[in-house]
Structure formats: structure tokens, C-alpha cells
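What follows is a short report on a single structure.
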Amino acid sequence: MVQRNRARIFLLTSMLALGSAAWGPKNQKPQVTEEQLEYSKQMFAEGEAAMAAEQYADALAKFQEGYRYAPHLHVFTYNIASAADAAGDCQTAATYFRLFVDLVPKHPKRKSSKARLAKLDQECTDAPELASTTPGSSEPPPDRSDREKERAKKEAIAAMNAAYSELRSAQQLHEAANKRFPDAPFSGPARRRRRHAKKVLKLAQKLGVPMELNDFDTLEVGGNAKSACKIAQRQEKKVVNALDEAMEYYESTKAYRVFNRARRAAERDGTNFDACS
């Protein structure tokens, strides 16, 4: 377990270094000692652990400390922004999302970060419950036809239902796998998928989104723990993709937090399932 955690820290830090294309003034890499880099890795790992425990203020402090000791690892700005956003600190979140977009030209999180930054720039206060392209919006874009608005409404409803459905499918899968393979890592993910499915459903009900509560797949577990982990890992990818899609339609601060927390948990569990498969 310790070796796996160390390998994960090394991999995550390597990803940070690869993603950091901008080094600072004149593209010169700052002088960072081995001790500083090791400490930065430690802060990154502790920040990730705090995010997993939903201790967002602590995660924010850890990520900021890690970036201070490794100022060339600009992808830290994404972690800082995400932690601040989850903690409800919209000003810090906007500042660091902007830094991330400016300093890291190539990264899979750029699109979602730019979208979130645009939203934060508009409303660094209490956000409306739903984006303007979704059901329940009070101010739809004036240049949209009625047909376009109706299609966007249907797509948003479908995205919310898909996110809930994939979470429920994952919950069912992990609960069934845990009964057959109690020594494999299914119990925790099953609880997390159940908790986040409830939060998505609560959000949908608050927004007045019609939901198909029993429209989810009952998945086969697999013949052994290894194959069960592989099936579970594939399902977690579906959960992540469905939540990403939902975030494109529901952009309020409340919705973002619900979807992003569920997404991060599914991403982490998917990595663990990949390791056990």
C-alpha cells in the first residue's frame, strides 16, 4: 500500500511537471532543491487526501503551500482553484483558474476551467440555480429560437438523468460485487455512489428537473474479483463522462459543487479499480 501511494504521488507529480509548459519570466525554470520538490509532492498528496475527505479549506492550504515550494509546477493552480471553488471562495477560485488557463496551454482540464472561469467572472456571489440553457431558466439567450430552446431543455434534462442513472448503476454494481467479493475494494465506492446519487437527485428536484428514478442498468459483476474490478473501472469512466456532460448544462455554483464532488470521487475510485484489475 505504501509503495502504491508513493507511486501514485510520483505519477501525479510527473503529470504536473509535464502539464506545466510555462516556467515563468523568460521561460526560465526557477531553482528548486530536491528537498523543496519532495515537500511539494507531500503537500500535493495531502491536498488530494483532504479533497477526498471533503476538507476543502485544508486542501486549499496544502495546494497553495505545495505551489509555493515548486513555483514552476503551474498545474498546481488548477488544484488550488478547484479546492477554493469547492470551499466557496469564488475570488480565489477565479484567480487561480485564470492563472491555470494563462500558464498551462495544453491540458485536458482547460475547457472546463475556462467555462468555470467565465461563470465565476459573471457571478462571484450567489449564483442562479441553473444555467441559461437549462430548464427553469428565467433569462434565455434572446437570439435563440423556440425550437433551439426546447432542444436545449431536453438535452439538459437528459444529461441530468444520465448522470443520476450512471451513479445508480455504479452503486448497484459495487453493492453486488461487495457481496460476492467482500475482500475487494467495493464497499467504499458503493457508499459514495449512493451518497452522490442522492445529492444529484436532490439537486434535480430542487431545479424542477423531471427524473426517471428507475431507469438505470443492472450490471453483471463478473466471475472473479479481478474481472469485477475491471467492470467497475469501466463503469466509473461512464460516471465521470456523464457528470462532465451534466456540468455543460447546469453551471450554477451549487450544481457545479454537486457534480464536481461526485466526479472527483468516481475518478479516484476508478483509479483504485484499475489497480485491482
Checklist outcome for this item: Treating only Lys and Arg (+1) and Asp and Glu (-1) as charged, each at its beta carbon, one finds that segment 167-277 has a dipole about its Cα centre, in Debye to the nearest 20, of 540
Item to check | Extension gain (nm, one decimal) between residue 191 and residue 39, 0.36 nm per residue minus Cα-Cα | outcome: 51.4 nm
Checklist entry - In angstroms, what radius of gyration and Dmax does segment 204-277 have, counting Cα atoms only? => result 14.4, 42
Checklist entry - What FRET efficiency would be calculated for the residue pair residue 206, residue 32, taking the C-beta separation as r and a Förster radius of 45 Å, to the nearest 0.05? => result 0.45
Checklist entry - Taking the Cα atoms of segment 174-217 alone, what are Rg (to one decimal) and Dmax (as a whole number) in Å? => result 13.3, 41
Item to check | Neighbourhood charge, 15 Å Cβ-Cβ cut-off, centred on residue 222 and excluding it, Lys, Arg +1 and Asp, Glu -1 | outcome: -1
Checklist entry - Fully extended, how many nm does the chain gain between residue 230 and residue 54 (0.36 nm per residue separation, minus their Cα-Cα distance)? => result 60.7 nm
Checklist entry - Accessible area per residue of segment 31-80 at 1.4 Å probe, in Å²? => result 44
Checklist entry - Rounded to the nearest 10 Å², what accessible area does residue 251 show when all protein chains are kept and the probe is 1.4 Å? => result 60
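The values are calculated or read from the model by the stated rules, or taken from the named source; none is laboratory data. Just so we're clear, the structure is a prediction, and the values are computed from it rather than from any experiment. Glycine gets a Cβ as well: all are built from the backbone with ideal geometry, and neighbour counts include every protein chain shown. Heads up: the accessible areas ignore ligands, DNA and RNA and are worked out on the full protein's heavy atoms, side chains in. Shrake-Rupley method; radii C 1.70, N 1.55, O 1.52, S 1.80 Å.
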